[in-house]
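Taking it in order: structure first as structure tokens, then the write-up.
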Amino acid sequence: MAHRRLGRILWLAALIGAGALFVYLVRKTGVDLLLTQIQRFGWGFAVLFVLSGLRNVVRTEAWRRCIEIPEEQPGFWRLFAIRLVSGSLTDLTLAGPVFGESARVYMTTRYMPASTSLSSIALEDLTYMLASGLFILSGI
């Protein structure tokens, strides 16, 4: 019970922290400048926004398919949330991928053995890197 309560407190703290960071960045940048830049992008902004979300959905599904024992895996949306949190930790901390991926392994050990979690994450990350590399090479 105490573990669950601590988890909820940490979740709430993270939510408040993320909201505060967003408000700070919007104020620091300026609402007028943001709206002007979004208008300059036009529909391109909406397309980029949707593609960014779609990229996370596809990577979550790829990760879900990399889990060896389907009975032990959490649902798609739980994995999606874990993926977004670990991605945020990767982007916002100095430790980057080391911290973000370690956090992802830690968060998933609640639902599956650590060995299954680690192997599925490593496989998904390697697949993503290979696909990204091929995509970049195709543009060259």
Of all residues in segment 73-91, how many are in contact (Cβ under 8 Å) with a residue 12 or more places away in the chain and open to solvent by 60 Å² or more (accessible area, probe 1.4 Å)?
3
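A quick yes/no check of all residues on (1) among the aromatic types (Phe, Trp, Tyr); (2) modelled with pLDDT under 90:
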residue	(1), (2)
ILE9	no, yes
LEU12	no, yes
ALA18	no, yes
ASP32	no, no
PHE49	yes, yes
ASN56	no, no
TRP63	yes, no
PRO70	no, yes
GLY96	no, yes
The listed residue being out of contact with any Phe, Trp or Tyr (no Cβ under 7 Å at 6 or more places or on another chain) and either among the basic types (Lys, Arg) or at pLDDT 90 or above (or both), out of SER88, SER119, SER102, SER115
SER119
Any residue in segment 18-37 that is under 19 Å from ARG104 (Cβ atoms) and more than 13 Å from the chain's Cα centre (by Cα)?
yes
Suppose we filter segment 22-72 for residues that are among the hydrophobic types (A, V, I, L, M, F, W, C), surrounded by 13 or more Cβ atoms within 10 Å (Cβ to Cβ) and touching a residue at least 24 places away in the same chain (Cβ under 8 Å); how many remain?
4
Please go through segment 61-95 and pick out each residue that is more than 10 Å from the chain's Cα centre (by Cα) and among the small types (Gly, Ala, Ser).
ALA62, GLY75, ALA95
Residue by residue through segment 96-117, note down the ones that are of a type outside the set (Lys, Arg), under 16 Å from the mean Cα position of the chain (by Cα) and surrounded by 13 or more Cβ atoms within 10 Å (Cβ to Cβ).
PRO97, PHE99, GLY100, GLU101, SER102, ALA103, VAL105, TYR106, MET107, THR108, SER117
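The values are calculated or read from the model by the stated rules, or taken from the named source; none is laboratory data. Note that the structure is predicted; figures quoted are calculated from it, not measured. Neighbour counts are summed over all protein chains in view; Cβ atoms, including those assigned to glycine, are modelled from backbone coordinates with ideal geometry. Calculation scope for accessible area: heavy atoms of the full protein, side chains included, ligands and nucleic acids excluded. Shrake-Rupley method; radii C 1.70, N 1.55, O 1.52, S 1.80 Å.
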